Every structure is written in C-alpha cells, then in structure tokens.
Amino acid sequence: MIYSREWETMLREDLHQLQVERLQMTLNQVYRNVSLYKDLFDEQNIEITDIKSLDDLSRLPLTSKDDLKQSYPYKAFAVPLRDIVRIHSTSGTSGTPIVVGYTKNDLNIWSSLVGRVLSSVGIDSHSLVQIAFDYSQSTGGLGFHYGAEKLGASVIPASGEEVLKQIQIMRDYRSSALISTPGYALHIANVLEKQGIDPQELNLTIGLFGAEPWSEKLRSEIESRLKIKAFDNYGLTEIIGPGVAYECEHRCGLHVSEDHFIVEVIDPKTLEVLPEGEEGELVFTTVTKHAFPLIRYRTGDISKIIPGTCECGRTFRRIARISGRIDDMLIIDGNNIFPSQIEALLFEIEGVEPHFQIILTRVEGFTAIELKVEITPDFFSFDEIKRAEDFKHRIDHYLSTRLGLHAKITLIEPQSLGRTSGEKISRVVDLREE
Ligand code: DLL
C-alpha cells in the first residue's frame, strides 16, 4: 500500500519544484547556522541565492564523513541543543563517531518516512511487527519502532533477546513481520531448523531487511527457508537512519523518498555527476531536516539510478540494490568497521606487526571473522603454545572491548602475508556470499 499517496505519486515537475524550494530553505538554514557550510560556500565563492534549479546543485561542494567527524560532537547541528530531542550516532566503535540530532519535527518526519517503508511491503495496522534491531545509538531499532507505531501496527521490541526467545515470541505472539538484518533472518532460519520447528507453524509472512549488503541469492534462501516474502530497504545514520529508500511489491529497485532527499550518483574519482543508469557513488542532500541537514553528502555506497518508472505508481526514482562501497568499510552484522581501525589497534599491541588479513565467512547467518596476524620475528617462537594462546586472548580482548568484534585469531609467521614476493596483500577476504 502507498502510505502517503499525495507525495509518493507526485508529478515529477511538481516534485522538482518542491525539491528546489526546500533546497533553498535548507541552504539558507545551513549557511546561517553551520560553520562547516558557511566556510565551504565562502571559500568557493558560492552565493546561495544563485542556486535556482536542480541543475545548479552540482555547483555546491560535496561533503563527507571526514567533514562530519571534524564537527564532533555538535558542530554540524543547525539548531541549538535545547531544540534537540534525540541523539544517535554512527556505529563506528573507535575513532570519532558521527553524532546526529533530531528535533521533534525531524522525528515526526522520520517516523512517516519509515511508515512509507513498512506500508510499501504490506505492513499495516493489523500487523504484529517484531523488531530485532538494537534499540541503541544506531538508528535501526528506534527508527522502525516509531514508524511502525505511527502506522498503528502492534510493535514487539524484541532486540536484545537471544534467538530462542525471539523464536518463542514469534511463535506465541504470532508475529507477522520480522525487521532485522538479512543475516539475522538467516540465523533464525537455522535455529528453527535445529529446533525442528516448521516455519509454516509461524504466522510470519513479511521480512524487511537492511543495514548490510545482501544479494538476490540470499533473498531467495531466506524466503524459501522462512516461507516469507523478503524486502530490502536502505538508509544511513547521517541522512536520517532507515527510511531513505525502500522496495515496493515489484521489488525492482528501491524508491528514494525524493520529497525529502535529493539523490545524485557521482563518479567517485572525477566527482562528476553521472547520468541515470550508470553506477557510481550515491550522494544525498536532505531538504527537510532541521537539526542535521546535509548538503551533497557522499555515502560511499555504490549504486545507480534505475531509469524508467515503476508499475506501483510511485513517481520517486529507484536506486539499485547497493552493490558495494567505494572505501573498504566492512559491514559486520549491521555494524560498520574500517580495516584501518583494526590496524590502529594492532599497532598498540606489543609483539604484533600491523600486518593482518581478515577472512569473513557466514556461519548460521552471522559473520564469522578470522583475523590472521603476523607476529614480530623476535617476540617468541611458535613452539611456546601456552604463550601463543595468551597472546591470542590479548588480541581478542582488545578487539572485543574496543571494536566490539569477536574473531578467531590465527598467529602467523613474520612476512608471511605475501610482502616478500611483492604481491599486494588483500587485507579483507570476504567469502560471506559464497
Ligand atoms: O544501517 C540504517 C539502517 C538500519 C538501514 C536498518 C536499514 C535498516 P548505519 O549503521 O549508519 O545505518 O549504516 C549505513 O549501511 O551506508 C550502507 O553501507 C549500509 N546499508 C544500509 N542499508 C543497506 C542495504 C543503517 N539495504 C550503511 N543494503 C550504509 C546494503 C546497506 N547496505
């Protein structure tokens, strides 16, 4: 069902007009209130009054994660803290997170946008929605919670429960929709199988998954094992959280809520805007957010705008499923981590070389991590098994307390990661889709 027909099926020309008006308001607001934008615009001699059409958008500077990190914690907020009613942050567990704020009105808009996502996949006031995303600093749990409540669905905030409890809730409360990462859905499917529970006994018909990359292959597997219809949805904390783009019943790309976000695709090398149909980096400009507006924000996510219209009647353009990242950010069960964070950590541990390789596989739906770490030549010999074990525990402890990661640590001999032969070491081997 289309949640807000008036907006989601607007004539394209009306939508363009609306986007331009909202963009001009946003530019005014950021120029007056956020030094990041004022400095950038002044440096590049940009007069915001010269931005009169969507074609002018590409004259504005691009912004990135680094700009926002430098604004930590509140410098990129466009309203005083007294107007902020909610604060979330990116899941980067070390280094500088990006802190985002919402006014009351921002939260209202956010829950309507999430309402669109839920409604689009068939969730309504009769649905029992089980949310397995964390209710935490990351945006998945609370974002979906308020969206589902706004829609009048019965919400079961089940995050934090272990999987057997999730299954018990699913069975006894007769949940009809599951909202989680696709990996978690697969984990539930595995546990159901182990417990001998036939998914047909459950009431579950809809799965709404996102927050991490997945494939059509994984979609088919989840669908056949859980006996549900599975949908993709996309969002990121900086832009708002979930609610940026969503699949409809035709599942041929994700509609972007263009009345709130202007989408562009750029070539990440030349930074030129690419035409529809060409793959590149997604860039978003928010045009209705008050607390944390973003201008031409580079997401790092690779996709393309799908040309043509969708049979569902929505006029919002569609982006293709995210096919990768332009950087090396890893998404591990919905948490975002850069290999450089692991490297920085290894630098701190005596006896370890900052040379490593991460091997990712999927075990029962979750990401299993093996971290191969080179030790320094003079530290100890491999024969001392006990010492090697202590050493592995130390690395594991560092990883779990500082990055929230659990990994199988394998110590390897110095220089064994291919550097002597001049090979390029690939620091990440991702076998999760195999
Ligand atoms: O993952 C928000 C979200 C929560 C979206 C729940 C959907 C469902 P972050 O933690 O800031 O926010 O991570 C954002 O996750 O830049 C993408 O790289 C990746 N991502 C999000 N959704 C998808 C998806 C939330 N459907 C980062 N497919 C983004 C592939 C996704 N990658």
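The values are calculated or read from the model by the stated rules, or taken from the named source; none is laboratory data. Computed from a predicted model, the values in this text were never measured in an experiment. Please note: Cβ atoms are built from the backbone with ideal geometry, for glycine as well, and neighbour counts cover all protein chains shown. Side chains included, ligands, DNA and RNA excluded: accessible areas come from the protein's heavy atoms. Shrake-Rupley method; radii C 1.70, N 1.55, O 1.52, S 1.80 Å.
Annotations for the structure displayed:
- Leading residue at positive end of dipole, the chain (Cβ point charges), from 233, 330, 105: 105
- Subtracting the Cα-Cα distance of residue 64 and residue 38 from their residue separation scaled by 0.36 nm leaves 7.8 nm.
- Evaluating kT/(6 pi eta Rh) at 4 °C and 1.567 mPa s, with the Kirkwood radius of region 133-175 over Cα pairs in the Stokes-Einstein relation, gives 118 µm² s⁻¹.
- GluC sites (Glu not before Pro) restricted to region 1-56 and DSSP loop, no more than 13 other C-beta within 10 Å: 47
- Centroid-to-centroid separation of region 351-376 and region 257-334 [C-alpha atoms, Å]: 31 Å
- For the residues 139, 376, 285, a GNM of the chain with alpha-carbon springs under 10 Å puts the largest fluctuation on 376.
- Computed accessible area, residue 205, all protein chains, 1.4 angstrom probe, square angstrom: 80 Å²
- Residue 72 accessible area, 1.4 Å probe, all protein chains in place, Å² to nearest 10: 110 Å²
- Cα-based shape type of region 122-200, given that a ≥ b ≥ c are square roots of the gyration tensor eigenvalues and the cut on a/c is 1.5: oblate
- Gyration tensor verdict on the chain (Cα atoms; rounded if a/c is under 1.5, prolate if a/b is larger than b/c, oblate otherwise): oblate
- Bridgeable lysines around residue 408 (alpha carbons under 17 Å apart, same-chain partners fewer than 8 residues away excluded): 372, 386, 392.
- Measuring against 29 Å, Cα to Cα, the residue pairs 65/104; 75/304; 65/304; 229/269 contain 75/304; 229/269 as the ones spanning a longer distance.
- With the whole protein complex present, residue 59 retains an accessible surface near 120 Å², based on a 1.4 Å probe.
- Gyration tensor (alpha-carbon) shape descriptor, region 1-152, a/c threshold 1.5: oblate
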